[in-house]
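The values are calculated or read from the model by the stated rules, or taken from the named source; none is laboratory data. Not measured: the values here are computed from a predicted model. All Cβ positions, even for glycine, are placed from backbone atoms using ideal geometry, and neighbour counts span all protein chains on display.
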Amino acid sequence: MANNPCIIIADDHPLFRSALCGTLQRELNEPQLIEAADFNSLQTAVEAHKTANLILLDLHMPGAEGFSALVFLTAHYAHIPVMVVSAMEEPDIIRRAMDHGACGFLPKSASIEDMTAALTAALAGNLWLPAGIDDTPAANEAELNIAESLARLTPQQFRVAAMVNQGLLNKQIAYELNVTEATIKAHMTEIFRKLGVHSRTQAVLAMAQLAINPNSTLEAFRSQALPLQ
């Protein structure tokens, strides 16, 4: 294994990041470890380290819905392998992660031996899955279609779309990104066009296809009785 691999760890739990960093430092040869606690800091980290060797990504990434952060990374930084590291170990979730371009799936309950094997495989450009998991496709057509559409968004459009998904209004998004409201409106026009929708509500419903549990997310959203605008 090469010396000094650059690895970005994207997880919102500081204790887990700290534990993972300790394991990586013991198991790898002087790794350069970059931490990100949410989607915005992940975007910043990847932009600053475009030659990173590996991204370790938790699916519960604040600021991104379900598999959307994975879709973003594999679309804009296809040269950097992304391994999902998650406490959710259901075969369906693992296979969906692979459908969206992950180079592997490492359960948080994995042994040190399995973690080392997974990292070695990923850093060597190989796929790695837990024992007993095959690569049978699991994502449905609607999910794959919205992933393809999201992949066409620019990084800034993706960030705006993620904020829309969190319920922020244009003026709030403009404030957060330090741009004008007119700029956000222009981004929204492009987001709607690329997603094939005509309203914020339709955009949120479309992006819900990438949730960990799409049906529950859609039902919860629709229960609010929000009209399509």
Say whether the condition of being over 27 Å from I133 (Cβ atoms), more than 12 Å from the chain's Cα centre (by Cα) and without any contact (Cβ under 8 Å) to a residue 24 or more places away in the chain is met by at least one residue in region 48-70.
yes
I'm trying to understand the selection: among the residues of region 10-27, which are touching a Leu at 6+ places or on another chain (Cβ under 6 Å) and either among the basic types (K, R) or not assigned by TED's automatic domain parsing to the domain that holds I80 (or both)?
none
When (1) in contact (Cβ under 8 Å) with a residue 40 or more places away in the chain; (2) crowded, with 19+ Cβ neighbours inside 10 Å are applied to I112, the one that fails is (2)
Name every residue in region 162-185 that is among the small types (G, A, S) and either within 19 Å of S41 (Cβ to Cβ) or assigned by TED's automatic domain parsing to the domain that holds P62 (or both), in order of residue number.
A162
Report yes if T201 is surrounded by fewer than 20 Cβ atoms within 10 Å (Cβ to Cβ), more than 25 Å from H100 (Cα to Cα) and among the hydroxyl-bearing types (S, T, Y), otherwise no.
no
Residue by residue through region 12-36, note down the ones that are buried (at least 19 other Cβ atoms within 10 Å of the Cβ) and among the hydrophobic types (A, V, I, L, M, F, W, C).
L20, L24, L28, I34, A36
Taking interchain pairs and intrachain pairs at least six residues apart, which have beta carbon atoms under 6 angstrom, with the first residue in region 12-29 and farther than 23 Å from E65 by Cβ and the second assigned to a helix (DSSP H, G or I)?
E27/T116
Test: T44 is within 17 Å of L119 (Cα to Cα), surrounded by fewer than 18 Cβ atoms within 10 Å (Cβ to Cβ) and either of a type in the set (S, T, Y) or touching a Lys or Arg at 6+ places or on another chain (Cβ under 7 Å) (or both)
no
